[in-house]
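Encoded as structure tokens, the structure appears first; notes follow it.
What follows is calculated from the coordinates using simple rules that are stated; it is not laboratory data. Predicted model only: the values in this text are computed from it and were never measured. Cβ sites come from the backbone with ideal geometry, for glycine too, and all protein chains shown count toward neighbours.
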Amino acid sequence: MFESVRERRRSRSRLDVFVAAFGLTFCVGFFLLPGFSYAEGGAAMIAAHILAGLVSLTAIISVVELSSSMPEESGIHRYLTRGAGSMAGTVSALAIWIWLILLGALAIAGAADYVAMAVTGWSEIPLDLVVALLITAMVALGIGNSAGFSTGLVLFIIPTTVFLVVWGLASASILPTYRIFEIESASLLRSSGILITGYAGLIYAAVIFGRSRSGHNPGSPISLLVVFAVVFVAGAVVTVSAIPAGQLVDNLSAVAMAGKALAGAWGGYSVAAVAVIGLFFAAAAAISVAARLLVELSLDTILPSFFSRRVSVGKSPSGVLMSGAGVLICLVLFEPLLIARLAGSIQMLLVLLLCVGVLILRESHVEWYAPMRPGPAYPWLQIAGIIATVILVAKLGSASVVAVLCVVLLGVIIHRIFPADRTERGGAVYHWFARLGEQQYAGLDRELRGILKEKGLREEDPFDEIVARSSVIESEPDDTFESVVQRAASLAAPVVNRSADYITESFLEGTRIGATPVTHGVALPHFRVIGLRRPEMVIVRSKTGLHVVSNDPILGYEEEHDVNAVFFLISPEEDPGQHLRLLAQIAGRVDDAHFMDEWLEARDAQQLREVLLRDDRFMSLYIERDSPSSELIRMKLKEIQMPEGSLIAMIRRNAEILVPDGNTVLHEGDRLTIIGGPDALREIRSRFVERRRE
């Protein structure tokens, strides 16, 4: 559910996110939890749905903030590692896996109960085990794992569920059910602690939305929260109205009984069939994601390496077997009601850790923590989430409290056993301690510099303009990295208003301490200065290669590289977030498989700049007499009606590179480098390029 997914596009459609959220927990919340909730809270179950949704809201907003500030490959345990330290990350990773196992066991127990309505002669536990073995085998074989299958299944379940709710509200006599709005505090809290499991899939949706370009607004997962809450409440009203209270308590198949009471036998069997399909889907998703999570934890050295041995992308036989075995153990040892309580308590531990993580990252003032969408009502929302989860876990009983403490203790033990001899990541919490006079931990800043390639530019970031006005150095074969740094410092000194010696030492010091990213034959020395008006860049190409000795920002040891491109970036001290995004944009561009070939083949400084610019944000235009662009000959730039949001940034005239102004006159043979938005560039092509082809 919360595992990292590599090589995935940032953007996700709303349908994809809804399928992910729906598949994991909606069916559990709708088809299973009403009976348990009524057993725990009785008349308070409707108010309990509202309270469970509000507690989930604190986690959703916290996750949107964290995921919008972290790289795409991160998951919740990595967010917490960078916020509260590696021990908190290990505890959260273990909690996620155990929660998924409990969810799978609960879904299987419910599916078996619904099957038992139609199939006689099976005792409950053996049927549970048969279903668990069947689903584990399906996951291992990859049956039903395709996105199309999952989407189709969800689109089948949704209208059936809506029909049941509408039919029930129209058919049931809800006048006597005013009792369900009565509130008794202890019952309300116990019921909320169980019902919160039905909203857990929305945290997954929040992770996806926060990481996508279009998903930084938390309104989308919040709208899903409202949808879930309305359907859950309506389903609870129908169920309570349709069947006697004595038959509702602890009844896993209460919704099917309500369908039977409202529409006869066919109604009961129809609801049971939909419930079985949905719960099979939820159980398979839980086991599959739990297995993939073990792969991720193994790759992060939190677990032994054999879990990362995969037969296909993300699929580990040992991970599937261990997750399936965990589900079987839960079914044998625990009653379904206890499983529901434990799942709710573990989920609230995760909510608490998420709220704590946001508090630590905000209060530590880590300069690289720049969420694209910081959550509202800080810090009161997080404080409320922490207090609420502590109270709810306590109200669920001693078993839930012991379970949470055992998860924390086991996570600490795993952290001490497996990654103890590896790099220790103390997280932003050490920056918090530093503010209290305790300890400074600079490793987090170096680590974030090394992993934040996936953060995108904001609209106001002037990346194209920085590249367009950058100075370019063509390195000589006998140049060293140090000599190139000195040449770059000499070019940057007049515009940065710092001495060349100061700039040289700043760049070299960053490389020595591991603050300079070096990857794919490219080095990115950088630093920030107070009072600088705008970012400045110096670009260096070396066809023969420059030898660079740097400190690895993640593992902390010395590395040697030969690089063909060096991008020196100097930014204002006052805007560390923009500085980070500019570095990330360069890193993302050099990751392209064709970048280095294009870089080495570029004929001049202008082409080098064009290689670095985003393909959808720049174009080259040749001024030729027998072409649509001939109308620009002898025109001043200020006379040209350029589309809004576009700019002629450079002109190559013969062997000279010009940075134009409004009075610059265009000549035949000029090559223009134009930057701007996709729509503006499309309009320019249609006017000056494509008309010739017609």
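Here are some notes:
- Table column - 3J(HN,Hα) (Hz), the stretch 320-333, Karplus curve with 6.51, -1.76, 1.60, x for Gly and Pro: 5, 5, 5, 5, x, 5, x, 5, 4, 4, 4, 5, 6, 8
- Projected label distance in nm at I329 and K543, using a 7 Å step from Cα toward the beta-carbon: 6.3 nm
- Hull volume in cubic angstrom per residue (convex hull over the Cα atoms of the stretch 575-694): 135 Å³
- Equivalent-ellipsoid semi-axes of the stretch 470-582, from the Cα gyration tensor, Å, largest first: 21, 17, 12
- A simple spin-label model places the labels of R533 and V665 2.9 nm from each other, with each point 7 Å out along Cα-to-Cβ.
- Full extension of the chain segment joining W266 with V166 gains 34.3 nm, where the gain is 0.36 nm per residue of separation less the Cα-Cα distance.
- Length gained when the stretch M642-V689 is fully extended (0.36 nm per residue, less Cα-Cα span): 15.5 nm
- Protection proxy ranking of 276-283, 260-267, 46-53, 462-469 - average other beta-carbon atoms within 10 Å, highest first: 276-283, 46-53, 462-469, 260-267
- The smallest convex shape that holds all Cα atoms of the stretch 330-399, its convex hull, gives 116 Å³ per residue.
- Added length on full extension, which subtracts the Cα-Cα distance from 0.36 nm per residue, Y502 to S398: 31.2 nm
- Distance between the 7 Å Cα→Cβ label points at E474 and E363: 5.7 nm.
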